Amino acid sequence: MTQSIGISRELGNMLQVHERLFIADEGSCRLGSAQLAVVHACKSPCHQRVLRYKGSLPPNHPNYLVLRHSYDLYLNIIDPPVPLFRIETFLSFLTFAAEHYDRGASLLIHCNQGESRAPTLALLFLSKHLRTIPDDSFGAAQAAFADLCPGYRPGKGIQQFLQENWGSILTESGVHPGAAPDGPLRVDAPRPQVSAGPEARTWVRRNGARPKPE
């Protein structure tokens, strides 16, 4: 209990959405520790900085989607208006977050603005691992999460992706409705999945990018 109180005081004005679970913007970026694991949910500057690149990594780079250190998880994720995401990104997050949270550490998730990607990942964790909000659908989870995070404004792309793939994340993460709230998270082998319909292809052509998360 003392450790949890100390972490809460240290994090100051970050939003605490659950015991030992915080979300924030880029200004709160820091290195993780044994007491506080950190998820860096932004391509720029965090993923780029730690891997020392500008622009984009080659898609076949071993850390193209995710780079994991002991207490830090760096995600190559942006917030486009179209659903350019991969299931693996969310599964990697759930695995990292569950391992650290279940051993008693606090968890900080930050993105650039603290309004879309970071709170969305917190929503996923509350729904699919801690099971404190509904996991029937993204819409049901979002409605419950709004009470915890009034400033939650998910981007159109990530919202559409989770609406379309909510069941896949549920199945592939190995978290099922009958699982105990404190049960371990099992991650089965993920299947590559990119949602790239006509709207996504149009956005890609206009922005000179390929339909992959960056």
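Some observations on this one:
- When the chymotrypsin sites (Phe, Trp or Tyr not before Pro) in region 42-148 are filtered for DSSP coil states and for at most 15 other beta-carbon atoms within 10 Å of their beta-carbon, the remaining sites are Y53.
- Sites matching trypsin sites (Lys or Arg not before Pro) across region 56-164 that sit in DSSP coil, with at most 10 neighbouring C-beta atoms within 10 Å: R103
- The string of couplings for region 135-147 from the Karplus curve (6.51, -1.76, 1.60, θ = phi - 60°) is 10, 5, 7, 5, x, 5, 5, 5, 4, 6, 5, 4, 6 Hz, one whole number per residue in order, with x for Gly and Pro.
- Computed in the context of the full set of protein chains, the accessible area of region 9-71 at 1.4 Å probe radius has 46% of its extent on carbon or sulfur.
- For region 61-115: accessible area per residue (Å², 1.4 Å): 30
The values are calculated or read from the model by the stated rules, or taken from the named source; none is laboratory data. All figures in this text were calculated on a predicted structure; none of them were measured in a lab. Here Cβ is always computed from backbone atoms with ideal geometry, including for glycine, and neighbour counts include all displayed protein chains. In case anyone asks, the SASA skips ligands and DNA or RNA and just uses the protein heavy atoms, side chains included. Shrake-Rupley method; radii C 1.70, N 1.55, O 1.52, S 1.80 Å.
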